[in-house]
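Engineer: Here it is, the structure in full.
The values are calculated or read from the model by the stated rules, or taken from the named source; none is laboratory data. Keep in mind that this is a model prediction, so the values were computed, not measured. Reconstructed Cβ throughout: ideal geometry from the backbone, glycine too, with neighbour counts over all protein chains shown.
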Amino acid sequence: MRCPFCANEDTQVKDSRPTEDNSAIRRRRSCNGCGARFTTFERVQLRELTVLKTSGKKVPFERDKLERSVTMAIRKRPVEEEQVERMISGIVRQLESMGESEIPSETIGKLIMEGLEQLDKVAYVRFASVYKNFREASDFEDFVSELADHEKQ
């Protein structure tokens with residue numbers, strides 16, 4: 001494993017343990033070149049996934065991009081990192097188990113929306129504002145009133 005700080009390829013595993021949900025192995029490493037310490041994660045990948053964008057363009061699925069989107073939505077919210085990791089791992093498992101190698105971006109967005117709705121309502125609205133392309137304050141008002149109506153049922 002290459003050191004992210006100095007690019008030295010001589011690194012050493014200091015500690016390995018499963019993540020809380022047993023979906024990955026967390027490894028603490030140290031670089032023999034610069035002495036820096038860093039963490040890597042080893043996960044099972046069932047199949048190569050491709051995202052089919054609404055424009056028709058196909059791009060490789062990137063778990064990191066999914067994590068960044070969710071992290072932006074939950075920024076400064078009282079959500080534990082483990083909860084987010086479980087949600088993301090669950091979404092990835094769902095995508096891999098669909099049996100399709102090409103996944104429409106809308107499907108990924110819907111799964112994120114479902115996960116965030118259960119995790120944190122504010123993060124859910126934040127993500128929805130980007131996903132549904134809100135243009136005006138009235139878009140937020142409409143969405144939040146629909147959410148409130150849904151919760152009353």
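Engineer: What number goes with the only condition from (1) loosely packed, with under 12 Cβ neighbours inside 10 Å; (2) over 24 Å from E42 (Cβ atoms) that E81 does not pass?
Structural biologist: Result: E81 fails condition (2) only.
Engineer: Within the set of pairs 6+ apart or on separate chains, which have a first residue in the stretch 9-31 that is touching a residue at least 40 places away in the same chain (Cβ under 8 Å), a second that is assigned to a loop (DSSP other than H, G, I, E, B), and C-beta atoms under 9 Å apart?
Structural biologist: S23/V44; A24/V44
Engineer: For a quick check of your reading: which strands (runs of 3 or more DSSP E) sit entirely within the stretch 33-122 and have at least 2 residues that are in contact (Cβ under 8 Å) with a residue 40 or more places away in the chain?
Structural biologist: By residue number, 50-52, 102-104.
Per-residue answers, yes or no, for (1) of a type outside the set (D, E); (2) modelled with pLDDT of 85 or more:
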position: M98; (1), (2): yes, yes
position: S105; (1), (2): yes, yes
position: K110; (1), (2): yes, yes
position: M113; (1), (2): yes, yes
position: L116; (1), (2): yes, yes
position: A128; (1), (2): yes, yes
position: D149; (1), (2): no, no
position: Q153; (1), (2): yes, no
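Engineer: Further, regarding this structure: Please state which one of N8, N22 is assigned to a loop (DSSP other than H, G, I, E, B) and either modelled with pLDDT of 95 or more or touching a Lys or Arg at 6+ places or on another chain (Cβ under 8 Å) (or both).
Structural biologist: Exactly one residue qualifies, and that residue is N8.
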